[in-house]
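Below: one structure, written as structure tokens.
The values are calculated or read from the model by the stated rules, or taken from the named source; none is laboratory data. It should be emphasised that the depicted structure is a prediction, and the values quoted were computed from it without experimental measurement. Cβ sites come from the backbone with ideal geometry, for glycine too, and all protein chains shown count toward neighbours. These area figures cover heavy atoms from the full protein model, side chains too; ligands, DNA and RNA do not enter into them. Shrake-Rupley method; radii C 1.70, N 1.55, O 1.52, S 1.80 Å.
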Amino acid sequence: MAGHHASQQDVDIDLGGLFGAIWRNRRRVLLATVACAGIAFAAASLVKPTYRSEARLIIETREPAFTTGADQAQGRDQPPFDEPGIASQVQLLRSADLIKQVARNMKLYELEEFDPTAKPSALSDLLVLLGAGKDPLDLEPEERVLKEFNEKLRVYQVERSRVIAIEFSSRDPRLAAEIPNEMAKVYMSLQSGAKLDTNSEATRWLEPEIANLREKVREAEQKVAEYRGQSDLLPTGENATFAVRQLGDISAELARVRGERANAEARAASVRAVLEAGGAPDTLTDVVGSQMIQRLKESEAQVQAQIADLSTSLLEEHPRLKGLRSQLAGVRQQIKAETQKILGSLANEAKTATLRETQLIEQLAALKADTARAGEDEVGLKALEREAAAQRQLLETYLARYREAMSRQDGSAAPADARVISAAVEPTEAAFPKVLPITIVGGVAGFALSAIAVLLAELFSGRALKPVGATVPAAAPAARRKEENEDPDPPVAVVPAFEPEPQAVDAAGRERETPFAAASLLAGIPSPVPEPSQAHASLLGSAEDVDEEADFSVAAVARYVEDNGVPVAIAVSPSGDRGSTVTVMLARRIAQAGRRTLLIDLTGSACPTRLMARADNLPGITELLVGEAAFGDIIHGDRLSDAHIIPRGNGDIRRAMRGIDRLSMVIDAFADAYDTVIVECGPADVSGVRRLTRERDTDIILCLPGSQEDEIVELIGAFGDAGYSEIVLMTGEGGLPSPGRAAA
């Protein structure tokens, strides 16, 4: 069983108990909340209000309309601002030069808000005289303003955009709006001025550079001309020189001459072939085209016509016909001779073309040698031309930039790369302090701090701890509580689990019964030898001081327990259930006062259990002592109050009473978790009560309803002799008889 209950030493925090502690101390928590809220309200009301306003700029590339087309034509489009560019503009807005310019424009150094050191206090003057501090007036007014200005200024980039916000705080709402607008104005002026300065610097730098480039271009072009003349590389057209052009002309002429020669040779060969074959030469083009041949052909035709005409009237032997025939033969002979002349002319033409071809070939060979030499010289010429072209292009670029820079000398031609999209307006409400939110936060802080203090007090005192039972399944206690409709288990202190002692057996092996009385579980329990002692004063004082009208009511005893913080009280009821009923009333009265109260039922009749428990047959103290239940299973809530009860239980009483000596450890453990633990013993004697307490200063409450005076006096004497110094008498609610002086 010891191993079965080993986990009972684990503890957990009782959240319900923690919140219950806050509720019991609700007055203190409420007072702390109201006090903190009042302090916060007073502090917020005394603080001078601060106003805040904001202006916004969008960063974008801005160029005048007359330059946009030129920039695009030259491929000089400026890229938009990236994240580092926007961050750089934010730093520019926070720069000291810009802030000083704003301070000068608005004369902020004349305002006490921005120059509090202008009127130093007596302490600061004393420190300056003693040399322990530096005189703030030694600094320039702008330097003194700079620190205060930066503390009130906030410049940031709006997330995922090219917008920059300028936020400023001031006690004057007018300044809170004017300063961001002035900063935007100065910023754009500086941006525009920077562009103008850039253009001015560009013109000043370009002027001497352009003059120098002009001289260089002139020298480079002069070198090109001189080199051409020296190398005989005179240009005759695009990418051509005189030698190259001449070589091309001769090549073309040579081709033409070769064609003419071939043509002449072919024509001569055809004429020669016709003549050798005896054919008619008038079929040849060159022969037919000759004027002489044409006239001879006409004469031949006329003679043939005359012969044909006379043949009709004259005989063949007529002299006239003979003469015409002889004339026809002569004409034909002339045609043949003329054809021979044409053939000779064609042959001469072919020879002339051959000679011309030979001459052209010789000239071509000479020009090729000259062209090769000119190609080598042309390499140097091209180098000079490239140098001259580069210098000329650079000069043209500088001239274009110079003209552009000169055209942007006007301020309107160089706008800033930013524009205002939201101007700051004069605020109507103070940004700080917000009286209502600060008051609410102060109240919440007071509530939280006071609640934390109460919770820490509960945790450190151990009252907010409860054991974690491990002897039954986790779902069993919850299911049992649901069935019994009882409150959650209250927190208890950690105590070691107890194993039931083995039953005593006699020599025959039979179990010996432990004697007990039905009226109290403690009846008949033998006690150790009592130590001699004297009875001390009780709650009501010594016998001499007790008045017949003393208050022995439940309310008086409850006040005594509350005022003295009694942790453990042993209630003895000589009259039985009537006294136990009064004990139940006492436990409920103490619980109503806000104290965590536990009542342990050790009566034989289980009267407190019947009055407080919400169900019958609940596990109680006897099950704990015999090891059949865990701590979390035996603690139950009172059905009529916030008190808790440990029932008598249904375990074997004989076995439970064998572990009665360890019951004092259980009571001490519960005393660490509860403010007050009341042990109702019923009509128990002193010997049984002594087994429950380790110390003699435990309070003994004698419940007197229904008891005789002699019995009461005897009990008081017995407890006094046993060494108990605090003996409290309780008669019940009003109307019950009070013990007399003798009984007290």
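Quick rundown of the values:
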{"quantity": "Inter-probe distance in nm under a simple model that places probes 7 Å from Cα toward Cβ, at Q91 and K341", "calculated": "10.7 nm"}
{"quantity": "Rounded to the nearest 10 Å², the accessible area of H644 at probe 1.4 Å", "calculated": "30 Å²"}
{"quantity": "Positive-end residue, the stretch 140-201 charge dipole about Cα centroid, Cβ charges, pick of L190, V158, F168", "calculated": "V158"}
{"quantity": "Pairwise FRET efficiency - L399 versus R218, Cβ, R0 = 22 Å, nearest 0.05", "calculated": "0.90"}
{"quantity": "Distance between modelled label sites at Q363 and A301, nm, 7 Å Cα→Cβ extension", "calculated": "4.4 nm"}
{"quantity": "Label-reachable residues, the stretch 19-37, where backbone N falls under 19 Å from a point 7 Å from V444's Cα toward its Cβ", "calculated": "29-37"}
{"quantity": "Links that overshoot a 28 Å alpha carbon limit, given the list K216/K368; K100/K434; K48/K100", "calculated": "K216/K368; K100/K434"}
{"quantity": "Order of exposure, largest accessible area first, which applies to S553, S326 with probe 1.4 Å", "calculated": "S326, S553"}
{"quantity": "Dipole in debye (nearest 20) - the stretch 559-694, about Cα centre, beta carbon charges: Lys, Arg +1; Asp, Glu -1", "calculated": "220 debye"}
{"quantity": "Interchain or long-range residues, amide H under 5 Å from S422's placed H", "calculated": "R56"}
{"quantity": "Unit charges at the beta carbon, dipole of the stretch 333-447: most positive-side option, A405, A365, A418", "calculated": "A365"}
{"quantity": "Gain upon complete extension [R171, E253; 0.36 nm per residue less C-alpha separation]", "calculated": "19.3 nm"}
{"quantity": "Linear extension gain, A329 paired with V713, 0.36 nm per residue minus alpha-carbon span", "calculated": "117.7 nm"}
{"quantity": "Table column - 3J(HN,Hα) (Hz), the stretch 209-217, Karplus curve with 6.51, -1.76, 1.60, x for Gly and Pro", "calculated": "5, 5, 4, 5, 5, 4, 5, 5, 5"}
{"quantity": "Highest average packing first - 595-605, 48-58, Cβ atoms within 10 Å", "calculated": "595-605, 48-58"}
{"quantity": "Three-way shape call for the stretch 145-223 based on the alpha-carbon gyration tensor, with the a/c threshold at 1.5", "calculated": "prolate"}
{"quantity": "Spacing of the two label points (7 Å from each Cα toward its C-beta) at A35 and H318, in nm", "calculated": "17.9 nm"}
